[in-house]
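Novice: Please find one structure pasted underneath; my questions will follow.
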Amino acid sequence: MTKAHVDKGSPLAVFRDPEAVTVVGASADPAKWGYWLARGALKGAHRRRVYLVNARGTEIEGQRSYRSVQELPDAPGLVVLCVPAAAVPQVVTEALAKGARGFLGITAGIDRVLGREGAERDLARQIRAHGARMVGPNCLGIYDASTDLQLAWGEFSPGSLGIVSQSGQLGSELANLAADCGLGVSRFVSVGNQVDVTAEEALADLLHHEATRVVALYLESFADGRRMIATLRALRAAGKHTILLTVGASEASRRAAQSHTGALTSALDVVDAACRAAGVIRVDTPAQLVDVAQLVLSAPLPAGPRVAVVGDSGGQGAVAADLAGGHGLRVEQLAEASRQRLAEMLPPDAGLSNPIDLAGAGEQDLTTYARVVDTLLADPAVDAVTLTGYFGSYGADTPSIAGREQEVARSVAEAARRHRKPVVLHSMCRQSETIDLLRRLGVPAYHTVEAATASLASATRLVAQPGRELATPPRRAWPHALDGYLAARKLLAEVGVRFPPAIAVSTTSEVVAAAGQLRAPYVLKADWVAHKTEVGGVVLGLADADTAAKAFEEMSARLGPGRYVLEELDRRTDTVEMIVGARRDSTFGPLVMVGAGGVQAELFRDVAWELAPVDPDTAAAMLQRLRSHALLTGWRGRPAVDVAELIRTVVAVSTLICELPECDELELNPVRVGPDGVVAVDALVIRGSPHDSQEDR
């Protein structure tokens, strides 16, 4: 084998192509981990020194073993720890003394067995102090096809899919699912407990790994989220798309929040915002991840969401069209020129608009499939083709025509290459020679139409979200005495947010005096109360000074003395109430949100999140994702509101939370957006501890 290029200067090079591998806990018993690790290590014996350590000195796979690391004749290189947890500290100490450069920790439960929380991290510090690194512990292992490095349970087929997984077994499942559809693995890293080498470092190490073309990533926690985003963006810039599988990954987003803004956050809202910033896509299951990887690895990516659906059954074509539309793809009627060309090759009762029903033409002449697909791909208004139904089954069911079906498959694949557009196959046949051929030729094939349409939609989203640079605004000093509504108003007004005129009051006489300076009708508010409506801390529509004074006396009697606010009521008509907020996530840093606002904001939960800060284009895209977006552009004859000013407000709030590292949350609710501009009529700023902010790293 030709030795692959490996950057020996990389701090993780020892986990890619070590000069030596030492398996401590090697075993001759195929039922034990030590056997599979020893067996895998020996597969690379032509490339590196391999030492096996077994307490009894047992011969393993024809190779002698040593009773301890101390008996080794040379430096152990990469040491695989597959011994009982209690023995791990001694093995680490002995291996470091012999010059070990890396450790792969398979062993689990070290803290528990040693009876000391933090024992694993102490080992990691000891290893780092000697200039070595550690993957794990509690991991399933590593594999690199380019360097014949296999230190994991099971077998791997070489290919182009890099797998980085926080769960070893789930990572192994991904590798197995990939093999089922003809995909191989370029590198596999089970990061385990990440006491030293992190998932982010394992991802960064794939940047220059030539064999890896797509990355499958499973994470349960993201640690330094902004750094992870930067690494994922770098992978994309290097031409390596990442597909993420996760489960409620941002612990901070699940905490109780003081504002509507926090209550309207879910863990996956935060992760999805991070995915958009990083230019990656998230899926829900291992099978979905591999389905999408098959398309991204083998086919041209779709330039847009317009898909033509071809079925040799009207029912299957209709189902495929419905599913595609449900995933956000556009199944639009074909142009007249395309319909005319299809009419020339299909029976009179064929469906020609979209979806296209072949009406039996495929059975009469298999080449019809290729000619129809070629015609559709040539249409500039078609970005991709989904072929659904029986194709792929002909040769399996009728072997005499298998060769003919495969020739048609080659023509379909050639058309996809020539037009540089993807063709996605849903076949009733789970596996056949034609399906295998199509996959090899760059046409992803799926046994369910759900998988075919969902994968195409995911690839379309991948193209549509290229990621974005997260700016770092300059910090500003925290304002003194920032407590209550009036102080929040003052801070937000400095960044361009408009509020109604208001005056602070604390006595009945001050209310009467303030009423003389403001225009009725008025609003009376308790300045210090966050959720005013819930405790009766706001009264609207006060017609005159006497009414305002009576409202003050009643409210202050209930809520007690303090600072109150008399404010002009925003009387504009044709307004839409929105909420604009921002909060700080301990994993991903500042976030900004916009959505349908008012007292029912939490009921409707129609919100869009992004990592802050955002630019005007990103803020506009947030608004377009809302179900309530139509209310902003004019609904049932009502005038359109000032969307541009609302966008400026979202940008300003997103920037402000980045400028104030002590700020945990900001909220404007409701924000009344009318044809003549934006007026915020309530504001909340919550201060937390100063943050060592992720976004500044």
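Novice: Suppose we keep only residues that are under 30 Å from the mean Cα position of the chain (by Cα) and charged (D, E, K, R) within the stretch 402-435. Which one would you say is surrounded by the fewest Cβ atoms within 10 Å (Cβ to Cβ)?
Specialist: Across the stretch 402-435, the extreme among qualifying residues is Arg420.
Novice: Also, I was wondering about something else. Looking only at the stretch 488-515, count every residue that is assigned to a loop (DSSP other than H, G, I, E, B) and touching a residue at least 60 places away in the same chain (Cβ under 8 Å) and tell me the total.
Specialist: Of the residues in that region, 7 qualify.
Novice: Quick one: in the stretch 377-394, of everything that is more than 18 Å from Ser313 (Cα to Cα) and in a helix (DSSP H, G or I), which residue is nearest to the chain's Cα centre (by Cα)?
Specialist: Step by step, filter the stretch 377-394, then rank; the result is Leu377.
Novice: List every residue pair whose Cβ atoms lie under 7 Å apart, where the two residues are 6 or more positions apart in sequence or sit on different chains, the first residue falls within the stretch 527-545 and is closer than 17 Å to Ala683 by Cβ, and the second residue, located anywhere, is open to solvent by 70 Å² or more (accessible area, probe 1.4 Å) and of a type in the set (S, T, N, Q).
Specialist: Final answer for the pair search is Ala530/Gln258.
Novice: If you don't mind, another one. Can you name the residue in the stretch 665-697 that is among the charged types (D, E, K, R) and either open to solvent by less than 30 Å² (accessible area, probe 1.4 Å) or over 23 Å from the mean Cα position of the chain (by Cα) (or both) and, of all such residues, is modelled with the lowest pLDDT?
Specialist: Glu695
Novice: If you scan the stretch 478-487, which residues turn out to be assigned to a helix (DSSP H, G or I) and of a type in the set (Gly, Ala, Ser)?
Specialist: Scanning the stretch 478-487 gives Gly484, Ala487.
Novice: Contact list please: Cβ distance under 9 Å, first residue in the stretch 1-28 and open to solvent by 20 Å² or more (accessible area, probe 1.4 Å), second residue aromatic (Phe, Trp, Tyr) and modelled with pLDDT of 75 or more, pairs at least six apart or on different chains.
Specialist: Gly25/Trp33; Ala28/Tyr35
Novice: Based on what the data block shows, is Ala320 open to solvent by 40 Å² or more (accessible area, probe 1.4 Å) and of a type in the set (Gly, Ala, Ser)?
Specialist: Spelling it out, it is not the case that Ala320 is open to solvent by 40 Å² or more (accessible area, probe 1.4 Å) and of a type in the set (Gly, Ala, Ser).
Novice: If you don't mind, another one. Select from the stretch 431-446 the residues that are outside any helix (DSSP H, G or I) and within 12 Å of Asp180 (Cα to Cα) and list them in ascending order.
Specialist: Within the stretch 431-446, Gln431, Ala445, Tyr446 meet the criteria.
Novice: Let me ask something else about it. If you take the residues of the stretch 633-646 that are closer than 16 Å to Ala596 by Cβ and in a helix (DSSP H, G or I), which of them is most open to solvent (accessible area, probe 1.4 Å)?
Specialist: Checking each candidate, the answer is Thr633.
Novice: Over 22 Å from Gly192 (Cβ atoms), open to solvent by less than 10 Å² (accessible area, probe 1.4 Å) and at pLDDT 95 or above: is that true of Val270 in this structure?
Specialist: no
Novice: While we're looking at this one, here's another question. Identify all residues within the stretch 189-240 that are open to solvent by 20 Å² or more (accessible area, probe 1.4 Å), touching a residue at least 60 places away in the same chain (Cβ under 8 Å) and at positive phi; write none if there are none.
Specialist: Once the filter is applied, which keeps residues that are open to solvent by 20 Å² or more (accessible area, probe 1.4 Å), touching a residue at least 60 places away in the same chain (Cβ under 8 Å) and at positive phi, the stretch 189-240 yields only Ala223.
Novice: Looking at Ser186, is it buried (at least 19 other Cβ atoms within 10 Å of the Cβ) and assigned to a strand (DSSP E or B)?
Specialist: yes
Novice: Return the only residue of Arg276, Arg330 being surrounded by fewer than 20 Cβ atoms within 10 Å (Cβ to Cβ) and among the basic types (Lys, Arg).
Specialist: Exactly one of Arg276, Arg330 is surrounded by fewer than 20 Cβ atoms within 10 Å (Cβ to Cβ) and among the basic types (Lys, Arg), namely Arg330.
Novice: Something else now. Gly562 - would you say it is modelled with pLDDT under 95 and either part of a strand (DSSP E or B) or in contact with a Pro (Cβ under 6 Å, 6 or more places away or on another chain) (or both)?
Specialist: no
The values are calculated or read from the model by the stated rules, or taken from the named source; none is laboratory data. Note that the coordinates shown come from a computational prediction; the quantities given were computed from them, not determined experimentally. For neighbour counting, all protein chains shown are included, and Cβ atoms are generated from backbone atoms with ideal geometry for every residue, glycine included. Heavy atoms of the whole protein, side chains included, go into the accessibility calculation; ligands, DNA and RNA do not. Shrake-Rupley method; radii C 1.70, N 1.55, O 1.52, S 1.80 Å.
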